[in-house]
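Q: Encoded as structure tokens, here's the structure I'll be asking about.
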Amino acid sequence: MANENENIKIVENATCTFCGCVCDDMELHVDLNEKRITKAKNACVLGRAWFAEHTIEDAPAAMIDGEEVSVDEAIEEAAQTLVNAKFPITYGLSDTTCEAQRQAVAISDYIKGNIDTTTSVCHGPSGLAFQGVGESTSTLGEVKNRADLVIYWGGNPAESHPRHFGRYAVTAKGMFTPNGKKDRTVVLVDVRKTKSAPVADILIRPFPGKDFEVLWALRALVKGSKLSSNIEEETGVPLETLSDLAERMKNCRFGVLFFGMGLTMTRGRHFNSGALLALTTDLNKYTHFVAMPVRGHGNVTGADNVVSWQTGYPFGVNFSRGYPRFNPGEFTTVDTLSNGDADAALIIASDPASNFPKKAIEHLKNIPVITLDTKNTHTTKLSHVAFRTATYGINTTGTVYRMDDVPITLRPAFDSPFPDDETILTSIKKRVHELVLAKHYAGGASGEAKVAAINPL
Amino acid sequence: MADKMMLIPGRTSKQGTSLNQGKFKDEYKEVTSTLEMNKDDMDKRGLVDGDKVRMWNEIGETIVSCIGKKTEDLSAGLLFIPYGPPSSQLMASDTAGTGMPLSKHMMVEIEKVK
Amino acid sequence: MSASMRIVNGKVYDPTNNVDGEIKEICIENGKIADSVSDEASIIDAQGMVIMPGGIDIHCHIAGPKVNSARKLQPEDHRHDVHPGTPFTRSGSGGTTPSTFATGYRYAALGYTTAMEAAVSPIGARHTLEEFHDTPIIDKGFYVLLGNNIFLQNLIREKRMEEFDQAVAWWVSSTKAYAVKLVNPGGDEPWKGKRNSNVSDIDEKTDDDLSPRQIIEAFIKTVNKQGYPHPPHIHCNNLGHSGNYRTTLETMKTAGDMRAHIAHIQFHSYGGELGKNPISKAAEIAEYINSHPNITCDVGQVMFGKSTIMTADAPLAYVLKGHSKGKWVNVDTECESGCGILPFTYQEHIYMHTLQWAIGLELFLLSEDPWRIILSTDHPNGGSFMAYPKLIKLLMDEKFRHEEMKRVNQKALLKCSLPELKREYTLNEIAIITRAGPAKALGLKSKGHLGAGADADITIYDVMDDKEMMFSTPRYVIKSGHLIIENHEFKTDFTGKLLHIAPEYDKKIEEVVQPFFENYYSIEFSNYAVDDRYLHDHEIIQTGINKV
């Protein structure tokens, strides 16, 4: 007998945004009285934790220097801080909606600041490689339907993307893969044996830091070059293993190379990603082959897309000259912090104080920081202005992009008393724009705005 | 024992679930300060599961507890830790002009904490 | 709130209403052209100036997953062409794949007020709509890719044509598209499933026992039957190959006397033998179009210099990559589509490029009906939309054309009739190929003209001898009755609206599509259709009026 005070709502086809799999088949059971999700059907262990743990916490919506203030006061302080800084940076954005990301870019544009996303410490190197080499890729449904050779390189999906195997790439059954795993060969390349190993038919274990050499050797073998057997001494992988892999790659019907942080975060960085992308491109001479970076956060792909469409560049963008400039290593956040360039920071849905290099964290402690986050983190603790916001996909709707660029609309479960990121950022943007215009007019411009004519030639 | 070992920080399920609970809660702190080490390397240093070790390099240091792994899973000379504030202490900030600091494969030294 | 305005003393070119250079007053009220306005209306004195409706780009690539990939691919392209912000306009970057804000502002700065994104896969429609919302000033719509949609192809093969009709309507409605697009119909499956092969003949049946012609015919029939404002927009098979003009003629013949639009037809007008250098068949193609009033096309003119190839014709992009040996992007989209992207440069000394350039001009100059051979460069495939003023000069100024011909590959000029063509386009004809013609082909009754009730999208140019200069820098641009550009300067920001159609369909068709979807797509069926949140300011153009 149902308790008449019970108030359960079921949300079907909701989306989990914990990792880049962005599974949109969640069935959420929501207790509207207690404002929490009691069950998340279809979610993996990470998703279940994501849904269960994002409840409404009893905490102030806005704080300045650790003291509770009204949201309006906090917005004013945030806007003033940003407008008065000489090198304000914006960072984070991978765990929020595209609607919010767009406001963040607008703010950075108006204050002539710097904008970067967690991409720079995730698959930024793959983005750099993309700019050099390009990429043959596909959406995940193509992998499900067609891939008969699946290679994971430098990642551990069993722990980072638990449903990847089942929903998309290994056991998933598709149009030309009706038998699921039986229709596929799975290869795992990693420097250690992880929980993903059981899924693989072939395990390849290079020495750490030698992925580039292995990928380059594969390129040579695919093109028919002869390689000496001392490749094993160099990389830890026997020539026989590499030759066998090269043959399988050339003879498969539709191959896919998924790759992760093992390539981007190690010696070589974008050279590693570039070697893999180049190998994939080479293989298209023999068969149909695609590659896909496995993105970590729910909407980091959205961040790449939004920053790219609004500025032309995916991350590491600076507006100080009045137009976007791109320079990884200079305008990326580990650098703007470690080099001491940033003198104010707006950090949205990210925790660099936990995950950044020590030198960067030290600098962060010395500048005014404005954070938007759903929970207390090391970064919110050191903030000058801290906003507690609603959680995307749980309290708010919005658009997110899956790791393969497929855009999905979120279905929220329950309301939050906290405003969402988009609302806060829009308010900050409006106030920032007002302040910037006031400065502009005060600077001697006549009654009507004197703006540079856009010269189309 | 001052030979250097290679540290690989990475994602694990437990690290992912516990960070949802909150980074100041015990489980996340415990998970991100648990170091996987090759069993033979542990034996050489007189370490058993649960022992505390100091891990350091030219950037910083951190104290973590260790747990053994077979060579089949984790080769000698390699260390694995779920990433978080402890592993960040050892990360250099030089991004070689790419924006990406070397977040894996840092060389560190280990000693048992009495 | 748009003010009332009165434009006086200007020379009006309004071909739809038979106004050819008359000095006429234009009145604007509430965002529309009006018969008259009160005396309080602000006045624009257009003495010595030419007034046209705002320009309409019937085929360009400006927003969506493919375009954004191309942006990400070419930082070097953006660096050379920065787009500074102003206190009330956003900054951006240019090149052949400008960022969204720069795209909108630059179109407006050329006097264009409407643009149609020519190819978007259904699963990517949300992305295009998001980018549209960040593309200022212009009104816009997009064509949805359905020609390689596996489910629809299955219906055609199984001859389930009533369900096919419903499914097409459902797909168009639920993605908020403006028209149906076919690209290399039948070519996707060989590319993805058969080791990168392609379809090479309109009657070639792939293993699935379906020929491109059958696909094309099915779409032409259903769209004409349902009366969409714009017919199926078709990128024919065999783009770029010598001898492909036969495929183009066969594609047009498939339409019979039903409406069809052939995209960037220049790329489909080559004679010669496969594998050898092509020759021009512009005359044959122009002749067919001239004598078949049901066919419209856009030229896809090549302009020398940098371009970006971005096309849903993935196998074509791969072939071009073989020539350029540079970076290349391929994106397969499950069950629906694909795309290929690569940087490209058209060079005057190369035979093929000169021939392409010449064939485009031939098509314009041989056209007997400028309403149906419409200006485009298939931006950015043939060249950037920023080159439109130069193209206009090439059409209007035979002396200039002659000078340009001296610099190109002379062998190629021998294989076409361009040197003999002395025609010069008049301002009226330019107004047709850039305004009135595309509006008519698109079925946009309230655009492309300056009669009462039309949208107040107006461009005012200073008359100049140098037509490239004239069309590069309009003095005034009015959008929806708002003065956007005054004396060459931006006065305000503005967000144009989305134009789309909403053909009716029987909801039961969803039950037919859903099982296929659940098996073979990787997102949930109920998350596929685009919800109304993405519409923002929008206008639904009626279907069912031009039923055949």
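Q: Give the residue, chosen from C:N154, C:N198, C:N184, that is touching a Pro at 6+ places or on another chain (Cβ under 8 Å), within 14 Å of chain A (Cβ to nearest Cβ) and within 30 Å of A:T287 (Cβ to Cβ). Explain how you work it out, then say what you get.
A: Details: C:N154 fails: touching a Pro at 6+ places or on another chain (Cβ under 8 Å); C:N184 fails: within 14 Å of chain A (Cβ to nearest Cβ).
None of the other options fit; the residue is C:N198.
Q: Moving to a separate point now. Considering only the range C:198-229, how many residues are in a loop (DSSP other than H, G, I, E, B) and within 27 Å of the chain's Cα centre (by Cα)? Steps first, answer last, please.
A: From the range C:198-229, those in a loop (DSSP other than H, G, I, E, B) are C:198-211, C:227-229; that's our starting set.
Adding the requirement that they be within 27 Å of the chain's Cα centre (by Cα) leaves C:198-203, C:211, C:227-229.
Total satisfying the criteria: 10.
Q: Within the range C:490-518, how many residues are under 27 Å from the mean Cα position of the chain (by Cα) and under 30 Å from C:A3 (Cβ atoms)? Please lay out each step first, then the result.
A: Kept after step one, since they are under 27 Å from the mean Cα position of the chain (by Cα), are these residues of the range C:490-518: C:490, C:492-505.
Okay, now just the ones that are also under 30 Å from C:A3 (Cβ atoms), so C:490, C:492-500.
Residues flagged as under 27 Å from the mean Cα position of the chain (by Cα) and under 30 Å from C:A3 (Cβ atoms) within the range C:490-518 amount to 10.
Q: Look through the range B:85-112, keep the residues that are surrounded by fewer than 20 Cβ atoms within 10 Å (Cβ to Cβ) and either assigned to a strand (DSSP E or B) or on the phi > 0 side of the Ramachandran plot (or both), and return whichever of them is nearest to the other protein chains (Cβ to nearest Cβ).
A: If we take residues in the range B:85-112 being surrounded by fewer than 20 Cβ atoms within 10 Å (Cβ to Cβ) and either assigned to a strand (DSSP E or B) or on the phi > 0 side of the Ramachandran plot (or both), then B:G97 is nearest to the other protein chains (Cβ to nearest Cβ).
Q: Further question: Are there any pairs with C-beta distances below 8 angstrom linking a residue in the range C:315-344 that is free of Cβ contacts under 8 Å to residues at least 40 places away in the same chain to a residue that is buried (at least 24 other Cβ atoms within 10 Å of the Cβ) and of a type in the set (D, E, K, R), with the two at least 6 apart or on different chains, and if so which?
A: Taking only residues 6 or more apart or on different chains, the pairs are C:N330/A:E135; C:G340/C:D313.
Q: Being touching a Ser or Thr at 6+ places or on another chain (Cβ under 9 Å), within 28 Å of C:E130 (Cα to Cα) and not in a helix (DSSP H, G or I): is that true of A:T90 here?
A: Details: touching a Ser or Thr at 6+ places or on another chain (Cβ under 9 Å): yes; within 28 Å of C:E130 (Cα to Cα): yes; not in a helix (DSSP H, G or I): yes.
Spelling it out, A:T90 is indeed touching a Ser or Thr at 6+ places or on another chain (Cβ under 9 Å), within 28 Å of C:E130 (Cα to Cα) and not in a helix (DSSP H, G or I).
Q: If you don't mind, there's one more thing I want to ask. Please go through the range A:190-241 and give me each residue that is over 22 Å from B:K69 (Cβ atoms) and of a type in the set (A, V, I, L, M), ordered by number.
A: Of everything in the range A:190-241, those that are over 22 Å from B:K69 (Cβ atoms) and of a type in the set (A, V, I, L, M) turn out to be A:V214, A:L215, A:A217, A:L218, A:A220, A:L221, A:V222, A:L227, A:I231, A:L239.
Q: Another question, if that's okay. What number of residues in the range A:377-408 are of a type in the set (V, I, T), more than 14 Å from chain C (Cβ to nearest Cβ) and touching a strand residue (DSSP E or B) at 6+ places or on another chain (Cβ under 6 Å)? Please lay out each step first, then the result.
A: As a first pass, look at the range A:377-408 and keep what is of a type in the set (V, I, T): A:377, A:379-380, A:385, A:389, A:391, A:394, A:396-397, A:399-400, A:406, A:408.
Now drop any that are not more than 14 Å from chain C (Cβ to nearest Cβ), which leaves A:377, A:379-380, A:385, A:389, A:391, A:394.
With the extra rule that they be touching a strand residue (DSSP E or B) at 6+ places or on another chain (Cβ under 6 Å), the set shrinks to A:379-380, A:385, A:389.
Number satisfying all stated conditions: 4.
Q: Given the range A:248-364, what helices (runs of 4 or more DSSP H) lie entirely inside it while holding 2 or more residues that are touching a Cys at 6+ places or on another chain (Cβ under 8 Å)?
A: Working: elements: A:261-264, A:270-283, A:300-311, A:333-338, A:352-355, A:358-364.
By residue number, A:261-264, A:300-311.
Q: Quick one: count up the residues across the range A:186-200 that are touching a residue at least 60 places away in the same chain (Cβ under 8 Å) and within 8 Å of another protein chain (Cβ to nearest Cβ).
A: Result for the range A:186-200: 1.
Q: Residues in the range C:75-88 that are surrounded by 24 or more Cβ atoms within 10 Å (Cβ to Cβ) and either within 11 Å of C:I138 (Cα to Cα) or modelled with pLDDT under 95 (or both): how many?
A: 0
Q: Here's another thing I want to ask about it. If I filter the range A:206-219 down to residues being in contact with a strand residue (DSSP E or B) (Cβ under 8 Å, 6 or more places away or on another chain) and in a loop (DSSP other than H, G, I, E, B), which single residue comes out as farthest from A:V170 (Cα to Cα)?
A: Here the answer is A:P208.
Q: Another question about this same structure. All but one of (1) touching a residue at least 60 places away in the same chain (Cβ under 8 Å); (2) in a helix (DSSP H, G or I); (3) not small (G, A, S) hold for C:W371, so report the exception by its number.
A: Unmet condition: (2).
Q: Kindly check whether there is at least one residue in the range C:169-177 that is in a strand (DSSP E or B) and under 30 Å from A:A100 (Cβ atoms).
A: If we filter the range C:169-177 for residues that are in a strand (DSSP E or B), which is where we start, we get none.
Looking for residues that are in a strand (DSSP E or B) and under 30 Å from A:A100 (Cβ atoms), one finds none in the range C:169-177, hence no.
Q: When you look at A:F326, is it over 17 Å from A:L128 (Cα atoms), among the hydrophobic types (A, V, I, L, M, F, W, C), facing another protein chain (nearest Cβ under 10 Å) and in contact with a Gly (Cβ under 8 Å, 6 or more places away or on another chain), yes or no? If you could, list the steps in order and put the result at the bottom.
A: Working: over 17 Å from A:L128 (Cα atoms): no; among the hydrophobic types (A, V, I, L, M, F, W, C): yes; facing another protein chain (nearest Cβ under 10 Å): yes; in contact with a Gly (Cβ under 8 Å, 6 or more places away or on another chain): yes.
For A:F326, the condition - over 17 Å from A:L128 (Cα atoms), among the hydrophobic types (A, V, I, L, M, F, W, C), facing another protein chain (nearest Cβ under 10 Å) and in contact with a Gly (Cβ under 8 Å, 6 or more places away or on another chain) - is not met.
Q: Out of the range B:30-53, which residues are buried (at least 16 other Cβ atoms within 10 Å of the Cβ) and either within 29 Å of A:H54 (Cβ to Cβ) or within 14 Å of chain A (Cβ to nearest Cβ) (or both)?
A: Passing the criteria: B:V31, B:T32, B:S33, B:T34, B:L35, B:E36, B:M37, B:N38, B:K39, B:D41.
Q: Can you confirm whether the range A:22-40 contains a residue that is basic (K, R), in contact with an Asp or Glu (Cβ under 8 Å, 6 or more places away or on another chain), away from every other protein chain (no Cβ under 11 Å) and touching a residue at least 40 places away in the same chain (Cβ under 8 Å)?
A: Yes - at least one qualifying residue is present in the range A:22-40.
Q: So is B:I81 more than 14 Å from chain A (Cβ to nearest Cβ) and either on the phi < 0 side of the Ramachandran plot or among the charged types (D, E, K, R) (or both) or not? If you could, list the steps in order and put the result at the bottom.
A: Working: more than 14 Å from chain A (Cβ to nearest Cβ): no; either on the phi < 0 side of the Ramachandran plot or among the charged types (D, E, K, R) (or both): yes.
So B:I81 does not fit the description; no.
Q: Among the listed residues C:A108, C:A70, C:A119, C:A102, which satisfies the condition of being crowded, with 24+ Cβ neighbours inside 10 Å, more than 7 Å from chain A (Cβ to nearest Cβ) and touching a helix residue (DSSP H, G or I) at 6+ places or on another chain (Cβ under 8 Å)? Walk me through it before giving the result.
A: Details: C:A108 fails: touching a helix residue (DSSP H, G or I) at 6+ places or on another chain (Cβ under 8 Å); C:A70 fails: touching a helix residue (DSSP H, G or I) at 6+ places or on another chain (Cβ under 8 Å); C:A102 fails: touching a helix residue (DSSP H, G or I) at 6+ places or on another chain (Cβ under 8 Å).
Among C:A108, C:A70, C:A119, C:A102, only C:A119 is crowded, with 24+ Cβ neighbours inside 10 Å, more than 7 Å from chain A (Cβ to nearest Cβ) and touching a helix residue (DSSP H, G or I) at 6+ places or on another chain (Cβ under 8 Å).
Q: Also: Out of the residues in the range A:109-122 that are within 12 Å of chain C (Cβ to nearest Cβ) and within 12 Å of A:F315 (Cβ to Cβ), state the one that is surrounded by the most Cβ atoms within 10 Å (Cβ to Cβ).
A: Of everything passing the filter in the range A:109-122, A:I115 is surrounded by the most Cβ atoms within 10 Å (Cβ to Cβ).
Q: Could you give every pair whose Cβ atoms fall below 9 Å, whose first residue belongs to the range C:456-479 and is buried (at least 24 other Cβ atoms within 10 Å of the Cβ), and whose second residue is among the aromatic types (F, W, Y) and in a loop (DSSP other than H, G, I, E, B), counting only separations of at least 6 or pairs across chains?
A: C:K479/C:F494
Q: On to the next question. Kindly evaluate A:A303 against the criterion of being more than 9 Å from chain C (Cβ to nearest Cβ), touching a residue at least 24 places away in the same chain (Cβ under 8 Å), out of contact with any strand residue (DSSP E or B) (no Cβ under 7 Å at 6 or more places or on another chain) and surrounded by fewer than 24 Cβ atoms within 10 Å (Cβ to Cβ).
A: Judged against the criteria, A:A303 is not a match.
Q: Moving on. Find the residue count for the range A:37-54, including only residues that are more than 18 Å from B:S13 (Cα to Cα) and crowded, with 18+ Cβ neighbours inside 10 Å.
A: 1
Q: Within the range A:270-306, can you find the residues that are closer than 27 Å to C:S93 by Cα, among the β-branched types (V, I, T) and in contact with a His (Cβ under 8 Å, 6 or more places away or on another chain)?
A: Matches in the range A:270-306: A:V300 only.
Q: Let me ask something additional. For C:A169, work out the one condition from (1) buried (at least 19 other Cβ atoms within 10 Å of the Cβ); (2) in contact with a strand residue (DSSP E or B) (Cβ under 7 Å, 6 or more places away or on another chain) it doesn't fulfil.
A: Result: C:A169 passes all but (2).
Q: Now for a separate question. Checking the structure you have, find out if any residue of the range A:276-285 is over 27 Å from the mean Cα position of the chain (by Cα), facing another protein chain (nearest Cβ under 9 Å) and either among the small types (G, A, S) or over 13 Å from A:D148 (Cα atoms) (or both).
A: Yes: one or more hits.
Q: Quick check on A:T374: is it within 12 Å of chain B (Cβ to nearest Cβ), touching a residue at least 12 places away in the same chain (Cβ under 8 Å) and in contact with an Asp or Glu (Cβ under 9 Å, 6 or more places away or on another chain)? Write out each step before concluding.
A: Working: within 12 Å of chain B (Cβ to nearest Cβ): yes; touching a residue at least 12 places away in the same chain (Cβ under 8 Å): yes; in contact with an Asp or Glu (Cβ under 9 Å, 6 or more places away or on another chain): yes.
For A:T374, the condition - within 12 Å of chain B (Cβ to nearest Cβ), touching a residue at least 12 places away in the same chain (Cβ under 8 Å) and in contact with an Asp or Glu (Cβ under 9 Å, 6 or more places away or on another chain) - is met.
The values are calculated or read from the model by the stated rules, or taken from the named source; none is laboratory data. None of these values were measured; they are calculated from a predicted model. For neighbour counting, all protein chains shown are included, and Cβ atoms are generated from backbone atoms with ideal geometry for every residue, glycine included.
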